[in-house]
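To keep things clear, I will list the structure first and then write my remarks on it.
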Amino acid sequence: MSLCFRVLGSGSEGNATLVEGGGARVLLDAGLGPRQLAERLLSAGVDPARLDAVFVSHEHGDHARGAAALSARFGVPLAGTRGTFVAARFAHAKLAGYETLAAGETRAIGQMQVKALAVPHDAAAPLAFVVSVGASSLGHATDLGHLSRGLVEALRSCDAVLVESNYDPAMLRDGPYPWSLKERILGPLGHLANGDVSRLLERGLGPRCRKVVLAHLSRKNNHPELALQAAEEALARARRGDVRVTLAPADGTGWIGVAASRGAAARGEGQLRLF
Ligand SMILES: [Zn+2]
Ligand SMILES: [Zn+2]
């Protein structure tokens, strides 16, 4: 029944996270090329043909690039919003199946539950996910321009949270991107800055959470040390020495276990409601 996950790719080169537990095995996003995706699955000890589903958060290439080919080649059904289906042009692909999933809905595979949540991002109908097995849950949110109240509420009940820490505002401002792209990233439908994540960790993290993984770091507009330092300082200010924060490198992580926290009741669920 235990829940664990493994990032297979993170950042603009391609995002995918393998999640296992409760008799199910799914991918959240398939933004690597199909060959590279299959290689990384195999090196994680997983036969691509034995995936139960690929949940696609949105149509951007760094999240959806390998999804159609993986589905066709290995017979794995996809799941996502109607908007993603249209925008990713999945109708033109020979998919093994597409399960339409609206924000707020949950799909069960074995004992695993995958809940879809709306996120503010410049895509057709983008999602974040909360994956639960028994009492353990993982929140998974990349590509969002700001922390919406609904998302923060959902992440508060999670034992582990993977969240993007995309850019440092000064690096983005002084960096090489054209101004139109900078405005897009900075805007309410762009990406989260290190400071946004700090706010989440300092004031919006639930008492059950013990693990935070910072993902989708920009190579040009962020430094891993800056993102990590901001997160660690925020956790220190919140006196959350019980939370361990790590970075997801571009080529992924090892397996990370998600255990249900026993201390939630003792810390007082719901005492922090600042969003
Ligand atoms: Zn992305
Ligand atoms: Zn995106």
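The values are calculated or read from the model by the stated rules, or taken from the named source; none is laboratory data. What you see is a predicted model; the values in this text were computed from it and never measured. We place every Cβ from the backbone using ideal geometry, glycine too, and count neighbours over all the protein chains shown. Quick note on the areas: whole protein, heavy atoms, side chains included, nothing else; ligands and nucleic acids left out. Shrake-Rupley method; radii C 1.70, N 1.55, O 1.52, S 1.80 Å.
For the chain, what is the accessible area per residue in Å² when the probe is 1.4 Å?
42
Once you have all Cα-Cα distances for the range 144-184, histogram them in 10 Å bins from zero and send the whole-percent values.
Going out from 0 Å in 10 Å bins, the range 144-184 shows 22, 39, 25, 13 percent.
According to the square roots a ≥ b ≥ c of the eigenvalues of the Cα gyration tensor, what is the shape class of the range 69-186, taking rounded for a/c under 1.5, prolate for a/b larger than b/c otherwise, and oblate for the remainder?
Details: a/c = 2.28, a/b = 1.28, b/c = 1.78.
Note, shape of the range 69-186 comes out oblate.
5 Å is the cut-off here: which amide hydrogens, built 1.01 Å from N in the peptide plane, fall below it relative to residue 212, excluding neighbours closer than 5 in sequence?
Amide H neighbours of residue 212: 161, 244, 245, 246.
Taking the Cα centre of the chain as origin and charging only Cβ (+1 Lys, Arg; -1 Asp, Glu), how large is the dipole, in debye to the nearest 20?
Working: 31 positive and 26 negative charges, 84 e Å.
So the dipole magnitude of the chain works out to roughly 400 debye.
With point charges of +1 on the Cβ of Lys and Arg and -1 on the Cβ of Asp and Glu, referenced to the Cα centre of the range 79-156, which listed residue (126, 150, 101) lies farthest in the positive direction of the dipole?
Checking the options against the dipole of the range 79-156, the answer is 101.
Using Cα positions and a limit of under 12 Å, work out the aspartates and glutamates in reach of residue 182, with same-chain residues fewer than 8 apart set aside.
Output for residue 182: 168, 174.
Net charge around residue 225, counting only other residues with Cβ within less than 14 Å of its Cβ (Lys, Arg = +1; Asp, Glu = -1)? Intermediate values should be presented prior to the final figure.
Values: positive: 219; negative: 168, 232, 233.
Residues near residue 225 contribute -2 overall.
Over the range 48-131, what number does the Rg to Rh ratio reach, with both radii from the alpha-carbon atoms and Rh per Kirkwood?
Radius of gyration relative to Kirkwood radius: 0.94.
In nm, to one decimal, how far is the residue 237 label point from the residue 103 one, both placed 7 Å along Cα→Cβ?
2.7
Counting only DSSP beta bridges with both residues in the range 109-191, tell me the antiparallel percent, nearest 5.
Antiparallel bridges: around 75 percent, rounded to the nearest 5.
How many percent of DSSP beta bridges within the chain run antiparallel, rounded to 5?
55
Within the accessible area of the range 34-140, what % is carbon and sulfur when the probe is 1.4 Å and the other protein chains stay in place?
Values: 2110 of 4410 Å².
Summing carbon and sulfur atoms, their accessible area is 48 percent of the total for the range 34-140.
Mind listing the phi-derived Karplus ³J(HN,Hα) values for the range 120-129, rounded to whole Hz, using 6.51, -1.76 and 1.60 with θ = phi - 60°, and x for any glycine or proline?
x, 7, 7, 9, 4, 7, x, 10, 10, 9
I need the peptides 158-165, 143-150 ranked by packing, meaning the mean over residues of other C-beta atoms within 10 angstrom, with the highest value on top.
Sorting 158-165, 143-150 by mean packing, highest first, produces 158-165, 143-150.
Cα gyration tensor of the chain, axes a ≥ b ≥ c as square roots of the eigenvalues: rounded (a/c below 1.5), prolate (a/b > b/c) or oblate?
On the way: a/c = 1.60, a/b = 1.17, b/c = 1.37.
In terms of gyration-tensor shape, oblate.
What is the packing order of peptides 74-80, 209-215, 27-33, taking the mean over residues of other C-beta atoms within 10 Å and listing the highest first?
Descending mean neighbour count gives 27-33, 209-215, 74-80.
Taking every DSSP beta bridge that has both residues in the range 43-134, what percent is antiparallel when rounded to the nearest 5?
Given both bridge residues lie in the range 43-134, the antiparallel proportion sits at roughly 70 percent.
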